[in-house]
1. Between Arg180 and Gln143, what is the FRET efficiency for a Förster distance of 41 Å, r being their Cβ-Cβ separation, to the nearest 0.05?
2. Take the alpha carbon gyration tensor of the range 33-156, find the square roots of its eigenvalues, order them as a ≥ b ≥ c, and report rounded if a/c is under 1.5; if not, report prolate when a/b exceeds b/c, else oblate.
3. Quick one: Cα centre-to-centre distance for the range 103-173 and the range 27-43, in angstrom?
4. Tell me, what % of the accessible area of the chain is carbon and sulfur with a 1.4 angstrom probe?
5. Which whole-Hz couplings ³J(HN,Hα) result when phi for each residue of the range 68-78 is put into the Karplus expression 6.51 cos²θ - 1.76 cosθ + 1.60, θ = phi - 60°, listed in order with x for Gly and Pro?
6. Let's see if you can work this out: charge +1 on each Lys and Arg Cβ, -1 on each Asp and Glu Cβ, no other charges. What is the dipole magnitude of the chain about its Cα centre, in debye to the nearest 20?
7. How big is the charge dipole of the range 1-49 about its Cα centre, in debye rounded to the nearest 20, if each Lys and Arg gets +1 on its Cβ and each Asp and Glu gets -1 on its Cβ?
8. Of all trypsin sites (Lys or Arg not before Pro) in the range 2-88, which ones are in loop regions per DSSP and have a Cβ with at most 16 other Cβ atoms within 10 Å?
Amino acid sequence: MKLHVFDSCPFCVRVKAVIGLKGIECEISPMVLGEMPTSLDGKLERFSVPVLEETHPETGEIALMVESLDIIRKLDQLHVSPLNQPMFDSYELSEALELRLEQLKPVTAQLLYPRMPKLNLPELATAQALDSFVESRKGVLGQSIEQALEKTELYLPQLEQQLELMEQEIDVEGLISGRRNLTIDDIAAFAELRNFTMIAELTLSENMLAYIALIAARSNIAVYPPITR
């Protein structure tokens, strides 16, 4: 199996986290923005990441999956036995987390997109990819990434307020204390929170920092270096 990803894509991180947590053998293949891998060319109805590519060992036929939660369900239920049970009881996010993630989108775009070009991301590894990203973000942000970066202090309070609510809704303390098991909500929340580690000016609670560090260590996914305004 091969998983095609963008490093900064939370949906990709969801799947990579499960691969790391379960120790699944799967090649992680970083993609460059605007460049389609040969094995995927012409085989997707619409381009999105992640893409799980599975080659049949006997026929050589290639099967593709593109929805992160469907991929996670498949991976979690591989080789199930009395000694190897699925990690999750459900593969659907809670309504509370779905709503919180939706409310986070506008402010996170303003804080994350301006920092991504400074991180040497694989998806922005070529000059063409980087130029395309910077130009396309103007329409999304309603301003240049440089202008958005200068307004960091304007957007931070909104993000911090949303994260305080998220911390209570997903019971961060319950996971780090060992009082409850990991859920699919934790995987999705971590995938978003991991991106927020690139915001040097962001203040997170001790519990939230411990929560990110715990899942990062278990899944073997590195967090980002902090980028200042």
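The values are calculated or read from the model by the stated rules, or taken from the named source; none is laboratory data. What you are looking at is a predicted structure, and each value in this text was computed from that prediction instead of being measured. No Cβ is skipped: glycine too gets one built from the backbone with ideal geometry, and neighbour counts run over all protein chains shown. Surface accessibility is based on the protein's heavy atoms, side chains included, excluding ligands, DNA and RNA. Shrake-Rupley method; radii C 1.70, N 1.55, O 1.52, S 1.80 Å.
1. On the way: r = 41 Å, r/R0 = 1.01.
Computed FRET efficiency for Arg180 and Gln143 comes out at 0.50.
2. Values: a/c = 2.90, a/b = 1.48, b/c = 1.96.
Note, shape of the range 33-156 comes out oblate.
3. So the separation of the two Cα centres works out to 24 Å.
4. On the way: 5880 of 11950 Å².
Taking all protein chains in place, the chain shows 49 percent carbon and sulfur surface.
5. Per residue, the Karplus-derived 3J(HN,Hα) values read 4, 5, 5, 5, 4, 4, 4, 5, 5, 9, 5 Hz.
6. Working: 20 positive and 35 negative charges, 79 e Å.
Once rounded to the nearest 20, the dipole reads 380 debye.
7. Computed about the Cα centre, the dipole is about 220 debye.
8. On the way: sites: Lys2, Arg14, Lys16, Lys22, Lys43, Arg46, Arg73, Lys74; in loops: Lys43, Arg46.
When the trypsin sites (Lys or Arg not before Pro) of the range 2-88 are filtered for loop state and at most 16 Cβ neighbours within 10 Å, Lys43, Arg46 remain.
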